[in-house]
Structures are given as C-alpha cells and as structure tokens.
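To start, the structure under review is shown below, and the notes come after it.
The values are calculated or read from the model by the stated rules, or taken from the named source; none is laboratory data. Please read all numbers here as calculations on a predicted model, not as lab measurements. All Cβ positions, glycine included, derive from the backbone under ideal geometry; neighbour counts span all protein chains shown. Side chains are part of the model used for accessible areas, which takes the heavy atoms of the whole protein and leaves out ligands, DNA and RNA. Shrake-Rupley method; radii C 1.70, N 1.55, O 1.52, S 1.80 Å.
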Amino acid sequence: MFHIVQHQPLKLLTQINLSSKCLMLSRPVSFVRIWKSWFSSHSFVGNKNIILMGPPGAGKTTVGRIVGQKLGCPVVDIDDDVLETTWNMSVSEKLQDVGSEQFLEEEGKALLKFSASGSVISLTGSNPMHAAGMQHVKKSGIIVYLDVPTAVIMSRLQSMKVDRIVGQAPGVSLKDILQFRKQFYQRWHDIRVLCGGDISAEVVAEKVLDAVKRYQNSELETFVSTRSSRSERSMDKDSHKYFSDILIGGLAPDGGLFVPERGLPKFTAGEWQSLIEATYIERAQVVLERCIHPADIPASKLAEIIVMAYGENFTCSRIAPVRHLAGNQFLLELFHGPTASFKDFALQLVPHLFAYCIPRSCNYLVLVATSGDTGSAVLDGFSRLHDSDKQRIAVMNFFPEDGVSPIQKSQMIGCQKENVWSVGVKSDFDFCQTAIKQIFTNSDYTGFLTVEYGTALAAANSINWARLLPQVVYHASAYLDLVHQGVIPFGSPIDVCIPTGNFGNILAALYARMMGIPIRKCICASNENNVLTDFIRTGVYDLRERKLIPTFSPAVDILKSSNLERYLYMIANEDGQLVTHLYNQLENQGHFQVGKDLLGRLQQDLVAGWCSEEDCLAAIHSVYSTTGYILDTHTAVAKVVADRLQDRSCPIIISSTAHYSKFAPAILRALRIAEINQNPVSQLHLLSSYSPLPPVHWGLLETLKKKGNEDHQVCAADMSMLMSCIETLIQSHFM
C-alpha cells in the first residue's frame, strides 16, 4: 500500500478557488497575479502524483513507465498493482465473475483505499466512472487524459484480442461503450494529451511531461498590447496580463489590442488528424483548452461551458456544417445559432467565460457596438446566464439607428430582457465603435463609475480576444470536415473567402493557419465600403474623404477595421512601436501606409476584392436559380469575390456568415418578387413559401413573433449623451 502525503499548498489552492471571486473585488489583476505566481511555483513532481487516464488501449501503462523512468519516481498500475493484488485474481476474471455493475463498485472501493505520493499512476479505463474513487485520487495530483481516437482504440483492442470490457452487453457495441465513457474523461481531466494512431509511447510520454510543465507555468501564457514595445514589456511586468484579465478588460490601457505574448499554440499534423472523426464540440474543447490556461478556467469547467454554449442552442447538430455549393466551392454555414449569424459562436460562449472569471461581489456593465449581427448575439448570449449572474452582469448595445436592416433592428429590440438593452445611435457603426474605445480609455470616467456605482466596464466586441478564439475553432473544423468527407486528404491546401468588415473573422482563419491548418490564401471580400480591398492591394489605408455607404450587407459596412491592428502587429514581428505610429497617424491624419516589406508579407497571406450592390443581388438570384439555395447578402458578396479571385486549383470555403432570413427585403428583391410586405414576419413567411434551402430560420421567426419590448432608447451622436445613457442603466439595474 502506498501512503499519500498531504501537501499543504494544494489545500491553499482549494481555498483560493473558493474565495478568489470576493478577494478580486478591489484589485482583480493583482490577486490573479498572486494566484498565478503560486500556481507556477509549486511542482507536482515531488509529493504530488501524475495520474494517467484514458480508454482501454490508450497506452497508459507503457507511457506511465516511461514517464516514471524519466522522472525517477515510482510507477503504479492500478490494474496490476492494486486491483489484482486486492482481489487475488485477474481483472478479466473478476469482471466475468461479478458483472459490469458490481465490478465498477468494487473497483471504486479499491480506489478509495488506495493512496500514493510522488508517483506516476496509470488508472484503468473504467476508473473514471466511479465518482467517489476519482474524487479521492484527484486530490493527490494532476490527471492527464490520454485522448486517443476511438477508431485507433478499437483497432488496438482488436489486435490485443481484448474480447470483454466493462459495460459490454448484448446489443451494445464497443464503439458505443468508448463513446459513452468520454463524458467521464472530460469530467475529471486537468490536462489533455492528443495521441494519434502512429505516435510512439516515447513521444506520448514527452507530450505528457510538456503538458504538465505547461500546467505548472501559467506565467508563460500572458498577453500584451499591440502597441507595447519589447523594451517596455521586459521592464514593466505589470503590462503582462492573463486570459482572465483581458477577458474582463477588453481594450489595453494604451489603446491597443491584447494578443498572446508567445503566440498561439501549434498543433502537429497528427494532432489535427486525431480530430477528424471528432464532433464539433469535441474539437472546440481540444482547441480552446490549448488556448486558455487551466489556471484561468479549468478544463472540466471549460468543457461544461462549451456544452452549454453549443449543446442545445444551435438548430443543426453539426453546429457549423460544410455544404458543397458547386464545383470546388463549399459553404461554411455559420448561421445555425439562436440569432442566425456567425457571431453566435463567440457570444454563446463568452458570457459564460466572463461570468466565471469576474468576482462575484462586483457588478459589470458590458458595452458593445454593432453594425448588425453582434447586437442580438450579445443580448441573447448574456440573457442566457444563470439568474444570479444576471443580477451582477448587464449589457448595453449601441447600434446605428438607421444603419441596420429592419429585421436586425427588430431582433435587437426583441432580444431586450431584464439585464440586456439596446440603444440606437443617430450615427454610423464607426462612431459607435470609436465611442466605446474612447470610453474605455477615459480613466477618469471609468474610475468614477467604479467609485460612485461599484460598477466596472467590459467589452464584448471583437476587440475582446475571447471573441476570436471560437472563430478559430470553426475555421479549423471546416477543414477537418472536408477531410472527413473525402474531398481532400489531410495536408492538401484550401483557400477561404470571408466577407470582411472588422477583420475578426478573417484574422481567425489566419490564426487557424498559424496553428497548423493548411489554409493557402485568405480572400478578403468587401462591399462598396472597400477600404480593406484598397489597403491589401496598395498598402495605403486611407479614410480621407471616405463616407460610409449603407449597403445590403450592413455587417461589413465598416471603414475602421479594428482587428487589422492585431494582424499588422503579427506580420510586423510584434513591433508595437510601428503599430502605435501607424494608428496614431490614422487617428490624427486619417490615413497610413505600410512599407514595401510589410506589404509583401501581407500579400502572401491575403488577396482582396469587392462587390457592388447589383452584383450582390445578381449572385443571390443566380445561385437560387441553379441550386435552390439562398445566400444571404454577405455570403453573396463573398461568392462574387471568390468567383473573381480563386484560381480553382484547390477547394475554397466561403464563410456564410448569416442566414438570409435576416435580410428578407434584399433577398426578395434579388429573387425579383415585386410586392414586398413591410412586416418582417410576413416577409419570412413569403420566403418560406418558396421552399428554399436552407429553410427559413424558425428561431429568428419565433423571436420576431414575440410581443417583447417594442421600445428602445435613441441617442444623439454625442459622447456626453452616451455616458449619460450608461449611468442611467447602471442606476436602474444595479442600484
């Protein structure tokens, strides 16, 4: 019998988890640093155990021996060293003797009596199904999940001639058993190690050690501003932020945007291939676990949040399906969420991340500016929080009063609930977005709100780093779907074409490429507000004498593309001084120009084109006439640009960023329907009568039918008026 040594710091960590929400009230960033510093300074090698978990055939025993040898510590195999010693018979004999249900109970009891310290422990494949036993083991160390594709496990078990495992019964397949067990592995793991089919046990052991090292060193995963210089970062450790900090803060104090200091994690080809058979939710869990340190959000909690976000709120079980359109063109359908646009991918997830990370004794007002789709997605996402979270988190959504489609406007007004409100602004989106940035960088005003009302501000626009991560997931997932469908073998390149306004969606595709997805070219598709097209072609970003043109694709009616700053920082080799110079020039003079070298790097990644209003409507009509499929106006913009710029040497995935139901008047016009009723519900019923593909978005239709709050506040394009609106909301909701 091994003896466990109680390690006092683990107890301290538990206390910190329980009390951190309160202690973070006055200075949240400082407390997070204290926690992270402690987390990083205590090694699990020593008195703590490394506990390997995974399905039968995952290689836990072999990998455990190698890890133990490398660390020079004892190795315990639960099967051989605990169960068979306790029972005086083999595990297979015990299973045959008592049956699956009793076996799990007796196995759990044996685990409860087991203790060890400073060891590498290999669990059985069924240990995680006994809650009490796992709670006992988890207290003694870190649980590492060896995540092996189900097909690989089945092949291994067959070659090992394993003919019986726990849960096997007539009519129950081995695949079903392995799939059923995944929920328990998700529940208990602290870190995950992806293990493909051809990977050796030696390599897996190295990956385990790397994963444990990452788990212990959260200080390596910090974020910096795009406008900070290397010298400033090395001298000022206070400029380094963690994921939980930037999730709450949104915009950097110097006006820049937060990016990970060490870049995004890289996946090997084998790791990506291990996800080909995975569901969308499983892919999201793997990618986001690598991007969010468990000291910020533990893996089990992150998994719970991802299931809440995507489990029941999307009308398609595949979440983000890829549909063949014609020739080598495919559509990535991003409109199956509750508000019918791609913004749902981030905004069904981020509110739950936000609620987890903020202190429970502090109130937060989330500010958001929208050109159309973001508003309803933010309102819907934050309205789905638990009631206790709604009491301390409210949302104010600013949108151009006359700059969104009638259905988008009705949707935003209809989505207003007890903790979420919309304000129409008598200006355009660029004013709304700039106003929010100015409010966040006005320390006197934000300080006043904190002191006077006990309320802090947070951002939910794509300037918030957490908004980008879910978009990386769906670009990666789309590529894996093409491989799964047999369209391409893994490693073959694709192009993507994305309707682009604020540059977040296309930036996420570039990030997916950095993480190992073989994306060759990103095609930036603009409407008549084609400032990005001009910039990508010439290197000149010029807003002088440009006026925003209202179009049929309002979500990309944007002239100031915020996330472009993150991209320029990346290709400028993280030169924050250059980025600061460029954006100061844009702010003061209305334009900037990048140098020849920088433009060359940019044009290796991006090509760009734009689409007129006439061509947009013509594309909708043409695609419907030939396929019966209706594109929304933004997807039509991308389709037109893709037709012009793709070279047809590889598949191209066009991001379908919204459901056509949101733009019914333009769609009806494109389909050449003469009489258009002004009532949004009537418009959707008329579209439905054409039996289109995909069907009318019934979730949107139901939202529009609700007799919700028909009123909303309208505000002049004046900073003092916007600030007054904010104070009024705070007083009514929090006071």
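With the highest mean first, a sort of the peptides 369-377, 429-437 on other beta-carbon atoms found within 10 angstrom per residue produces 369-377, 429-437.
Helical runs (DSSP H, four residues minimum) scored at -39500 (n - 2.57) apiece and divided by the length of the chain put the mean residue ellipticity at 222 nm at -14500 deg cm²/dmol. Accessible surface area normalised per residue over the stretch 49-216 is 43 Å², counting heavy atoms of protein chains with a 1.4 Å rolling probe. Computed with a 1.4 Å probe over protein heavy atoms only, the accessible area of residue 704 comes to about 30 Å². Taking amide H as placed 1.01 Å from N in the peptide plane, residue 121 has its amide H under 5 Å from the amide H of 50, 51, 52, 76, each at least 5 places away in sequence or on another chain. Over the stretch 49-216, what portion of Cα pair distances is larger than 18 Å, expressed as a whole percent? In whole percent, the long-distance tail amounts to 58.
The charge dipole of the chain, taken about the Cα centre with unit charges on the Cβ atoms of Lys, Arg (+1) and Asp, Glu (-1), comes to about 780 debye, rounded to the nearest 20. Computed from the C-alpha gyration tensor, the three semi-axes of the ellipsoid equivalent to the chain are 45, 30, 25 Å, from longest to shortest.
Amide H to amide H distances under 5 Å link residue 548 with no residue, where only residues 5 or more positions off or on other chains count and H is placed in the peptide plane. Protein heavy-atom accessible surface, 1.4 Å probe, per residue over the stretch 361-509: 25 Å². Between residue 648 and residue 698, what is the FRET efficiency for a Förster distance of 41 Å, r being their Cβ-Cβ separation, to the nearest 0.05? Plugging the Cβ-Cβ distance into 1/(1 + (r/R0)^6) gives 0.70.
Summing charges over neighbours of residue 99, with a neighbour being any other residue whose Cβ is under 13 Å away from its Cβ, gives -4 when K and R count +1 and D and E count -1. Accessible surface of residue 82, taken over heavy atoms with a 1.4 Å probe and every protein chain present, rounds to 20 Å². Of the residues 262, 156, 65, the one with the largest accessible area comes first in the ranking 262, 65, 156, computed with a 1.4 Å probe on protein heavy atoms.
Multiply the residue gap between residue 262 and residue 618 by 0.36 nm, knock off their C-alpha separation, and tell me the result in nm, one decimal place. Kindly include the intermediate steps, with their values, before the conclusion.
Working: separation 356, 0.36 × 356 = 128.16 nm, distance 4.52 nm.
Full extension of this stretch gives 123.6 nm more.
FRET efficiency for the residue 173 to residue 418 pair, using the beta carbon distance and R₀ = 51 Å, is estimated at 0.60. Normalised by residue number, the volume inside the convex hull of the Cα atoms of the stretch 324-382 is 95 Å³ per residue.
Accessible area of the stretch 49-216 with a 1.4 Å probe: how many percent of it is carbon plus sulfur?
Working: 3600 of 7250 Å².
Here it works out to 50 percent.
If I take every Cα pair under 8 Å that is 6 or more residues apart in the stretch 49-216, average their sequence separation and divide by the length, what percent do I get for the relative contact order?
Values: 236 pairs, mean separation 57.4, N = 168.
Rounded, it is 34 percent for the stretch 49-216.
If you count, for each residue, the other Cβ atoms within 10 Å and average over each peptide, how do 136-149, 463-476 line up from highest to lowest? Mind dumping the intermediate values first?
Working: 136-149: 22.4, 463-476: 24.8.
Going by the mean number of other Cβ atoms within 10 Å, highest first, we get 463-476, 136-149.
Extending 7 Å from Cα along the Cβ direction at residue 450 and again at residue 73 yields two label points whose distance is 4.0 nm.
Note on residue 698: accessible area approximately 120 square angstrom, rounded to 10, probe 1.4 Å, nucleic acids and ligands left out. If R0 is 60 Å, the Cβ-Cβ spacing of residue 361 and residue 626 corresponds to a FRET efficiency of close to 0.55.
Indicate, rounded to the nearest 5 percent, the antiparallel portion of the DSSP beta bridges found entirely in the chain.
Working: 14 of 68 bridges.
Of all bridge pairs located within the chain, approximately 20 percent are antiparallel.
Order of 630-637, 519-526, 660-667 by packing, highest average Cβ count within 10 Å first? Kindly include the intermediate steps, with their values, before the conclusion.
On the way: 630-637: 30.2, 519-526: 24.1, 660-667: 26.1.
Going from most to least packed, we get 630-637, 660-667, 519-526.
Of all accessible surface on the stretch 355-499 at a 1.4 Å probe, what whole percent is carbon and sulfur? If you can, show how the numbers build up before the last one.
Values: 1930 of 3920 Å².
That share works out to 49 percent.
Of 597, 557, the residue with the largest accessible area leads and the full order is 597, 557 (1.4 Å probe).
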